[in-house]
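Enquirer: Take this structure, written in structure tokens, and hold onto it; I'll ask about it next.
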């Protein structure tokens with residue numbers, strides 16, 4: 001079900017081809033076979049449209065040359081053995097059962113199991129296993145979707161080993177839901193971007209229904225990604241903060257729905273902000289800013305008691321509707337207060353920025369696109385509050401050194417920035433950021449970092465999940 005590409009058509013750098021050849025050599029050594037299949041899934045960089053996919057609003061990512069590989073050979077039994085390149089993570093073997101039991105929280109193998117469990121659920125059956133080497137170079141916690149890429153790649157390996165076929169749109173939707181296995185409540189951007197990425201294009205992803213629109217990215221500009229070296233691990237410290245934004249979005253959406261039904265009629269209820277794309281909401285869309293100002297001006301920082309009163313949540317069951325995570329656990333809502341005004345302002349304005357960004361790139365207006373990226377970062381920082389000092393400093397340095405637009409990318413709380421730089425200025429730009437951010441602000445030396453290119457690099461928009469033809 002996945003197309004085949006050769007390595008020369010994927011990469012712009014010979015070093016990436018050499019890297020993959022080393023993966024193949026280690027697989028052959030560990031599993032003592034020359035029969036194998038190679039599947040590649042790219043990381044993704046979200047150019048603009050942060051934290052709005054789980055409101056069913058459009059996002060605008062691109063696949064990158066950093067990626068995850070699974071090199072595998074099917075088994076004659078129902079056992080799956082996974083090992084990592086360079087033995088970075090422990091080798092594991094597990095049996096395929098209808099309901100896979102997770103490893104301990106934070107274990108790398110849970111992302112493999114999440115992808116496979118999704119396919120088991122879809123086909124309601126079990127199949128044969130495989131032996132696999134998993135490798136890649138997406139920095140963990142960088143905001144470049146290393147975890148979702150591993151989920152997608154694992155599902156792809158299981159599908160290929162068992163000669164199963166599934167529509168890619170359905171696969172993307174199922175894997176977005178299936179990542180609840182590891183306990184995060186995100187949207188569908190990461191999985192969809194990894195599957196549908198297109199070489200030399202950004203892709204606009206619309207949700208409900210899922211739709212992909214490729215948009216050519218201008219060749220005279222480079223996409224530069226810089227890791228802040230502050231790690232945002234959703235499986236650990238940042239998980240509550242990430243899920244809190246999801247809860248706040250649910251609550252703000254419910255209050256908007258309540259307002260619409262009161263003022264426009266019972267047919268105007270919404271479950272997601274993205275429901276406003278329906279034709280009947282055209283008048284509301286045109287007046288959404290004053291509506292938000294009126295509704296949320298006195299809802300800057302609500303407690304759970306105030307939310308219960310506003311939404312008439314008179315039973316525990318009704319409360320749980322808002323605070324139950326995708327994995328079935330209950331979010332610890334009593335420990336938090338909820339900043340609804342700021343969150344809804346970000347969601348609405350970011351939606352507008354995505355639509356305007358697609359238009360700008362189609363028209364070749366890179367300056368406008370960069371301006372929208374800058375505005376997105378300020379909203380992520382001040383309204384959605386998912387930035388940090390390191391990201392803000394890095395963005396400031398990048399803009400000062402000629403980035404047309406620069407912003408955080410991914411979930412935030414650390415991770416990476418993305419910026420657009422005129423190709424002829426890329427080399428000087430990267431050197432200046434290394435000196436001013438990594439060596440200057442972070443005070444990193446070559447004793448600590450021998451290769452800065454692991455953390456700041458240019459990339460081409462690249463192909464989505466595919467098989468590699470050697």
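Enquirer: Considering the Cα trace of segment 71-230, what is its radius of gyration and what is Dmax, both in angstroms?
Expert: Considering segment 71-230 through its Cα atoms, Rg and Dmax are 16.4, 51 Å.
Enquirer: What would the Debye formula give as log10 I(q)/I(0) at q = 0.14, 0.19, 0.22 Å⁻¹ for the alpha-carbon point model of segment 239-342, no solvent?
Expert: Those come out to -0.57, -1.01, -1.27, one per q.
Enquirer: Find the relative contact order for the chain and round it to a whole percent, using C-alpha pairs within less than 8 Å whose residues are 6+ positions apart.
Expert: Computed over the chain, the figure is 24 percent.
Enquirer: Going by how many other Cβ atoms sit within 10 Å of their own, how do 419, 388 line up, fewest first?
Expert: 388, 419
Enquirer: What's the exposure ranking of 79, 295, 159, going from fewest to most Cβ atoms within 10 Å?
Expert: 79, 295, 159
Enquirer: Taking only the alpha-carbon positions of segment 329-453 and ignoring solvent, what does the Debye formula give for the base-10 log of I(q)/I(0) at q = 0.12, 0.15 Å⁻¹?
Expert: Log-scaled intensity ratios, in q order: -0.55, -0.79.
Enquirer: Obtain the radius of gyration and the Kirkwood radius of segment 291-351 from its C-alpha atoms and give Rg over Rh.
Expert: In segment 291-351, Rg relative to Rh is 1.00.
Enquirer: Report the calculated FRET efficiency for residue 91 and residue 219 (r = Cβ-Cβ distance, R0 = 41 Å), to the nearest 0.05.
Expert: For residue 91 and residue 219, the calculated efficiency is 0.45.
Enquirer: Figure the gain on full extension for residue 448 and residue 124 (residue separation times 0.36 nm, minus the Cα-Cα span) and round it to one decimal in nm.
Expert: My answer for the length gained is 111.7 nm.
Enquirer: Another one. Add -39500 (n - 2.57) for each DSSP H run of 4 or more in the chain, then divide by its residues: what number comes out at 222 nm, to the nearest 500 deg cm²/dmol?
Expert: Calculated mean residue ellipticity at 222 nm is -12500 deg cm²/dmol.
Enquirer: Using every alpha carbon pair in segment 392-470, what percent of pairs falls into each 10 Å bin from 0 up to the bin containing the largest distance?
Expert: Percent of Cα pairs in each bin: 16, 45, 27, 10, 1.
Enquirer: Once all Cα-Cα distances of segment 114-168 are split into 5 Å bins that start at 0, what whole-number percent is in each one?
Expert: Distribution as computed: 4, 17, 29, 21, 15, 9, 4, 0 percent.
Enquirer: Which of 393, 192 has the fewest other C-beta atoms within 10 Å, and how do the rest follow up to the most?
Expert: By the 10 Å Cβ count, ascending: 393, 192.
Enquirer: What area, in nm² and to one decimal, does the C-alpha convex hull of the chain cast on average over all directions?
Expert: Hull-based average projected area comes out at 22.4 nm².
Enquirer: From the convex hull of the Cα coordinates of segment 40-124, what is the mean projected area in square nanometres? Kindly include the intermediate steps, with their values, before the conclusion.
Expert: Numbers: hull surface 31.3 nm².
Averaged projected area of segment 40-124's Cα convex hull equals 7.8 nm².
Each reported figure results from applying straightforward, stated rules to the coordinates on display, with no laboratory input. The structure presented is a predicted model; accordingly, all values stated were derived computationally and were not measured. As a convention, Cβ positions derive from the backbone with ideal geometry for all residues, glycine included, and neighbour counts pool all protein chains shown.
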